[in-house]
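Here is the structure we will look at, set down as structure tokens.
The values are calculated or read from the model by the stated rules, or taken from the named source; none is laboratory data. Since this is a predicted model, take the numbers as computed values, not measurements. For neighbour counting, all protein chains shown are included, and Cβ atoms are generated from backbone atoms with ideal geometry for every residue, glycine included.
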Amino acid sequence: MASTETTPAPADDLSGVEAGLDALDSVQIQRTPIGQLLRQKALPPLIGVLLVLGLWQLTYSLHVTASYNLPSPADVWGSLTDLWTAGTLFSIIWTSLWRGILGFLAAVAIGTPIGLLVARVKPVRAAIGPILQGLQSLPSVAWVPAAVIWLGINDSMMYAVILLGAVPSIANGLVAGIDQVPPLFLRAGRTLGASGISNARHILLPAALPGYLAGLKQGWAFSWRSLMAAELVASSPDLGIGLGRYLENQREGMSMPGVLLGIILILLVGVAIDLLVFSPIERRVLRSRGLLATGR
């Protein structure tokens, strides 16, 4: 008859396990030196920008196309210095940036509860889910004529276009994040007494944070693009001059250096917001969940 007794683990094996656990507890998080971080993060984009400028200048020097179609980098730089000298550069950027930030925050305040409802209430999901998906694919510029008729040419029209462009993206991102939450988390929350708003605050949103953050990033992109579309189409002295209106003014004046400068400024603002706001938050969230190397 086979024995059912188990052989106790040798003391050496147990001490090895304990040593391994102690080693895990004593791991120190090492930060990447600033010099190495600059080489890894700043140098590649800088090289890319220099390559683009070099190809741009080469194309201009070879006269591939007429200079009024493709001005040189120096011509665009001249347009930038003109704005700087006139003292309007930061005013133009801030006018658009402030509208974009306010519109995005309003979109977050509206899109988040909509996303929670769609994700957790089946009848709401069946009724609104397909509409949100369709709205996300609708070009933002399509809302501008309707917003102008509804609200007139004013700031309210601008914010309406931003909301209509960004809210579906934020809501859909949160829905996607909640759909990926393990059911065990929800059962554990119910066991601990979390329900309603407390369940959303302490269980759903933290667990769905990576997907929600992706929706927020996309929501900002839609906010910025929606705003540029509205500023391009709508013109009024009461609105001031933002980046989109500056771009359209340069187009009307047939100033290609100004047009390219407007495009570059719009691109730079979008990239700066991503690098300075969303990327650090995303790295922190992923690192806290063990999904990112600690040195990054």
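Scanning the stretch 65-115 for residues that are part of a loop (DSSP other than H, G, I, E, B), farther than 26 Å from Gly54 by Cβ and small (Gly, Ala, Ser) yields a count of 1.
Filtering the stretch 140-162 to residues that are touching a residue at least 24 places away in the same chain (Cβ under 8 Å) and either loosely packed, with under 11 Cβ neighbours inside 10 Å or in a loop (DSSP other than H, G, I, E, B) (or both) leaves Ile153, Asn154.
Residues in the stretch 103-130 that are touching a helix residue (DSSP H, G or I) at 6+ places or on another chain (Cβ under 8 Å) and under 14 Å from Gly165 (Cα atoms): how many?
Step one: list which residues in the stretch 103-130 are touching a helix residue (DSSP H, G or I) at 6+ places or on another chain (Cβ under 8 Å), which gives 103-104, 106-108, 110-112, 114-120, 124-125, 128-129.
With the extra rule that they be under 14 Å from Gly165 (Cα atoms), the set shrinks to 103-104, 106-108, 110-111.
Number of matching residues: 7.
Within the stretch 84-101, the set of residues being more than 15 Å from Ile266 (Cα to Cα) and either crowded, with 18+ Cβ neighbours inside 10 Å or without any contact (Cβ under 8 Å) to a residue 60 or more places away in the chain (or both) comprises Trp84, Thr85, Ala86, Gly87.
If the condition is being touching a helix residue (DSSP H, G or I) at 6+ places or on another chain (Cβ under 8 Å) and either under 15 Å from Pro73 (Cβ atoms) or buried (at least 19 other Cβ atoms within 10 Å of the Cβ) (or both), then the stretch 257-279 contributes Pro257, Gly258, Val259, Leu260, Leu261, Gly262, Ile263, Ile264, Leu265, Ile266, Ile273.
Output the number of residues of the stretch 52-64 satisfying the condition of being β-branched (Val, Ile, Thr) and part of a helix (DSSP H, G or I). Even if it seems obvious, please write down each step before you answer.
Taking the stretch 52-64 as the starting set, the residues that turn out to be β-branched (Val, Ile, Thr) are 52, 59, 64.
Now drop any that are not part of a helix (DSSP H, G or I), which leaves 52, 59.
Total meeting the criteria: 2.
Residues in the stretch 218-242 that are surrounded by fewer than 20 Cβ atoms within 10 Å (Cβ to Cβ) and within 10 Å of the chain's Cα centre (by Cα): Gln218, Ala221.
Residues in the stretch 61-79 that are out of contact with any helix residue (DSSP H, G or I) (no Cβ under 8 Å at 6 or more places or on another chain) and either surrounded by 10 or more Cβ atoms within 10 Å (Cβ to Cβ) or polar (S, T, N, Q) (or both): Ser61, Val64, Ala74, Trp77.
Listed residues Pro182, Pro206, Pro210; which is more than 14 Å from the chain's Cα centre (by Cα) and at pLDDT 70 or above? I'd like the intermediate steps shown before the answer.
Details: Pro182 fails: at pLDDT 70 or above; Pro210 fails: more than 14 Å from the chain's Cα centre (by Cα).
Just a single option satisfies the conditions, and that option is Pro206.
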